[in-house]
Amino acid sequence: MSSIKRYQNPEIFEQLAMEYAVGGLHGRAKKRFETLMETHFYLKATVEAYEYKFAHLVELLPDEKPSDQLWENINAQIKIDAQPAEVKITSWWHSLFNTKVYGLVASALIISAILLFNPMTGSPIAYTAVLESSTTHTAMAVTRISQADMQLSIDMMKHPDIPDNMELHLWCHPKDGGKPVMMGAIAKSGETIIHIDKAEWRSFKNVGLLAVSIEPKGKQSSDGPRGEVLLEGQLSSIHET
Amino acid sequence: MEDKYADLLQRCAASRDQIAFKQLYEETSPKLLSLCMRLLQNKQLAEDVLQEGFIKIWEKADTYAPEKGKAMTWMATVVRNKALDKLRSLKTKAAETEIQYEGLEFASTDLAPDSLENLSQDMKGLMDCLNKLKPAQRECILLSYYYGHTHQELSDRLEKPLGTVKAWIRRGLEDLRPCLA
């Protein structure tokens, strides 16, 4: 019997699901079962149901008091997570140079004000970031990611001076400091639209920083920016109020 | 029955309520740390895993589905899976142990009446089912859950052949299934 046919037999898969949930599957058997769970919903659902049943066993355990430091560590981390990103205004306010820039930056400030003065409720409906020059701290682009139209738009307000054989790449840096994810190449001027799927939309809640780097044309790095990072900005979430 | 922890989790998910999260932490962390310490046998590792677990609980609070089970069971599953991942990643598990939790006294078949009073109906039902198993089957299943022992580790610990231990677990789970349905 092939392995998947074997797991389609309710008697067998339920027994294996119980064994997995109780912690009795190990090594290759466990890895094989986890691989199957990723693609077969019924296996995952059965395991989950038994995990929940066995989890009541925790009630029998004697209490163990955690150290005070543990809550401090957790609290520090969730405060970082929950705090809306602040938009720096002092360094680049004087550099506003035309009505378009003023309009875009004003929009970003209004969004930031909404974030600061309204409690966040429910899931985000959009994200926004003002990207500043990493060296001069002047505002150079505004990014908006919207669930309504499932797209990321980045509007370059200033035209960066980069060689013809180079292009700009947009990166998402996870809040937890993991590997950045490249969203795509963007135009040096005007607006670039990048369409996103549901999984990408969901993943934005884990993104802390957006960055734009200068990279050789047509070359994509999966490890993170290799060229100079030109722009950076904290991503803020927008919630329905 | 009302699930107090579900309400707190709901507040964490809906309004990122840090006060609710702190209350949730204060009330549930002692049991969850106890579980981590048994699985990892090292307090520092156990606290590290518990920290990761609570961050995940905070971040994923909106994925908790009350219709699937109590909030505490969801949280215990999140934390236990983190601990099992850590356990699996530790190649030198035996050398790093420091606590040596071993027994199952806390899960005795004849718990004192005041201990029984504090248990949920679901736990009492699970306990009834487990108490119907043969002692060796029950012991192997509980040692697997609380300590994350492999079949080989159970065989070594109980000084029984590997095949016997595997059969105890397999038959124990077979007997448990109709009772848990």
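Quick notes on this structure:
- Whole-Hz Karplus values for the range B:171-181 come out as 5, x, 5, 4, 6, 6, 4, x, 6, 7, 5 Hz, taken residue by residue from phi with 6.51 cos²θ - 1.76 cosθ + 1.60 and θ = phi - 60°; glycine and proline positions read x.
- GNM result for chain B, Cα springs below 10 Å: residue of B:Ala83, B:Ala13, B:Ala167 fluctuating most strongly: B:Ala167
- Among the residues of B:33-40, the average count of other protein chain beta-carbon atoms within 10 Å of the residue beta-carbon is 3.
- Amide H contacts under 5 Å for A:Glu132: A:Met140, A:Glu232, A:Gly233, restricted to partners 5 or more places along the chain or on a different chain, H placed in the peptide plane at 1.01 Å from N.
- Working from Cα pairs under 8 Å separated by at least six residues, relative contact order for chain B is 20 percent.
- Annotation for the range B:112-172 versus the range A:12-76: alpha-carbon center distance of 16 Å.
- Counting only other chain Cβ atoms within 10 Å of each residue's Cβ, the peptide B:145-153 averages 4.
- Taking the fewest neighbouring Cβ atoms within 10 Å as the starting point, the ordered list for B:Leu180, A:Leu70 is B:Leu180, A:Leu70.
- Shielding score for B:69-82, defined as the mean number of other chain Cβ atoms within 10 Å: 4
- Angle in degrees between helix B:135-147 and the longest Cα principal axis of chain B, rounded to the nearest 10: 40 degrees
- For A:Ile196, the amide hydrogen comes within under 5 Å of the amide hydrogens of A:Gln151, A:Leu152, counting only partners 5 or more places away or on other chains and with H modelled in the peptide plane.
- Compactness of the range B:102-181 is given as radius of gyration and Dmax, 13.1, 39 Å, from Cα positions.
- Two-decimal Rg/Rh across the range A:135-241, once Rg and the Kirkwood Rh are taken from alpha-carbon atoms: 0.94
- Cα-Cα over 23 Å, subset of A:Lys79/B:Lys22; A:Lys31/B:Lys124; A:Lys158/A:Lys217; B:Lys22/B:Lys56; B:Lys4/B:Lys68; A:Lys53/B:Lys134: A:Lys31/B:Lys124
- Summarising the label geometry, the points placed 7 Å from Cα in the beta-carbon direction at A:Ile194 and A:Lys79 lie 3.2 nm from one another.
- Remark: spin-label model distance A:Asn165-A:Thr39 equals 4.4 nm, labels positioned 7 Å along the Cα→Cβ axis.
- Of B:Asp17, B:Asp128, B:Asp114, the one that fluctuates the most in a GNM where chain B has Cα springs shorter than 10 Å: B:Asp114
- Applying a 4.7 Å Cβ-Cβ cutoff to chain B leaves B:Cys12, B:Cys36, B:Cys140 as cysteine residues with no disulfide-compatible partner.
- With Cα atoms, 0 to 90° folded angle of helix B:121-131 axis to chain B main axis: 10 degrees
- From phi via Karplus (6.51, -1.76, 1.60), per-residue ³J(HN,Hα) for the range B:56-67 in Hz, x at Gly/Pro: 5, 4, 5, 6, 10, 3, 6, 8, 5, 10, x, 5
Just so you know, all these numbers are worked out from the coordinates, no wet-lab data involved. This structure is a prediction, so every number in the text was calculated from the model and none was measured. Cβ atoms come from the backbone with ideal geometry, glycine included; neighbour counts cover every protein chain shown.
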